[in-house]
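Down below is the structure, laid out as structure tokens.
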Amino acid sequence: MSASRTERLSEQIKAEASHVLARDVHDPGVGFVTITRVRVSPDLQVAHIYYTGLGDAAAQRATEKALERVTPFVRRQLAQRLRLRRVPEVAFVFDKSIAHQARVEELLQEIHANDARAAQDAPPPDDSEQ
């Protein structure tokens, strides 16, 4: 398959799966889930749907279990909405890149705050040396 075909299919699955989770899934365990990206295998057999959600580790586990429960429903909905000969198997994957990105941002803010404090604590330059 061409790369553009898999990219187009990834975008279609992302849009449709987002819509299904937001409007059609009535499982309270799903909560606030945002689909960040979809990666479809080159043979179009598997679609990894990356998501992120609100909450601590316990809430994330609950969301993961709820998404496992609704996976067959989401796949059936995708089959109805997408015009494909064979709908890929769906696998939900928690997107850790968002958490890593937030941690990098936090570290950068700490560095900037430390630099600002160091600049305030530094003695003023001595003008008498000229």
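The values are calculated or read from the model by the stated rules, or taken from the named source; none is laboratory data. Here the structure is a predicted model, which is why all the values come from computation and not from measurement. Counting neighbours? That spans all protein chains shown, and the Cβs are built from the backbone with ideal geometry, glycine included.
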Quiz item: How many of the residues in segment 1-60 are part of a helix (DSSP H, G or I) and either small (Gly, Ala, Ser) or at positive phi (or both)?
Solution: 10
Quiz item: Among the residues of segment 69-85 satisfying the criterion of being in contact with a helix residue (DSSP H, G or I) (Cβ under 7 Å, 6 or more places away or on another chain) and assigned to a helix (DSSP H, G or I), which is surrounded by the fewest Cβ atoms within 10 Å (Cβ to Cβ)?
Solution: Arg81
Quiz item: Does any residue in segment 24-42 that is at pLDDT 85 or above come within less than 6 Å, Cβ to Cβ, of a residue that is among the aromatic types (Phe, Trp, Tyr) six or more places away or on a different chain, and which pairs are these?
Solution: Val33/Tyr51; Ile35/Tyr51; Thr36/Tyr50; Arg37/Tyr50
Quiz item: When you go through Ala102, Ala66, Ala58 one by one, which is the residue that is farther than 23 Å from Glu11 by Cβ, surrounded by 17 or more Cβ atoms within 10 Å (Cβ to Cβ) and without any contact (Cβ under 8 Å) to a residue 40 or more places away in the chain?
Solution: Ala66
